[in-house]
1. Kindly evaluate residue 33 against the criterion of being surrounded by fewer than 10 Cβ atoms within 10 Å (Cβ to Cβ), of a type in the set (A, V, I, L, M) and modelled with pLDDT under 90.
2. Listed residues 49, 57; which is under 22 Å from the mean Cα position of the chain (by Cα) and surrounded by fewer than 10 Cβ atoms within 10 Å (Cβ to Cβ)?
3. If residue 26 meets every condition in (1) of a type outside the set (Phe, Trp, Tyr); (2) open to solvent by less than 100 Å² (accessible area, probe 1.4 Å); (3) part of a helix (DSSP H, G or I); (4) modelled with pLDDT under 90 apart from one, which number is that one?
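The values are calculated or read from the model by the stated rules, or taken from the named source; none is laboratory data. Quick caveat, the model's predicted, so the values are computed rather than measured. So basically every Cβ, Gly included, is an ideal-geometry build from the backbone, and we count neighbours across all protein chains shown. Just the protein is used for accessible areas: all its heavy atoms, side chains included, with ligands, DNA and RNA removed. Shrake-Rupley method; radii C 1.70, N 1.55, O 1.52, S 1.80 Å.
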Amino acid sequence: MATTSSTPHLESQVLHEYSRLSSNLDSLARLTAKLSTAQPALLEQLRPLERKLGMVLTLYQASIWAILVQREGEEELADQHHQQQQEHQHQGYAGYDDNSEDGDVTARF
């Protein structure tokens, strides 16, 4: 196998990259260990906030639900009112006979 003059340079670059990788992994391990010890304390501090946010979310959902139910009720009342108006209009015209041959509209009693 023939070796070239660039092989030692390439080996040195690879070893340098492995050294950097090892250093980065060590830093990552230290940071992970630090975060894992801080996590329980952080969670304890965040629990009251989580409860408050849960309560706010529940109140928000209840408010939205109340608004939707109110709108639905208002729409039903409006539909009923519109339907009653149409029935009254039809009842008002029910007493007239417009089937005469000469086009005369006469009231039926």
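1. On the way: surrounded by fewer than 10 Cβ atoms within 10 Å (Cβ to Cβ): no; of a type in the set (A, V, I, L, M): yes; modelled with pLDDT under 90: yes.
Against the criterion (surrounded by fewer than 10 Cβ atoms within 10 Å (Cβ to Cβ), of a type in the set (A, V, I, L, M) and modelled with pLDDT under 90), residue 33 does not qualify.
2. Working: 57 fails: surrounded by fewer than 10 Cβ atoms within 10 Å (Cβ to Cβ).
Going through 49, 57 in turn, just one is under 22 Å from the mean Cα position of the chain (by Cα) and surrounded by fewer than 10 Cβ atoms within 10 Å (Cβ to Cβ): 49.
3. Only one criterion is unmet by residue 26, namely (4).
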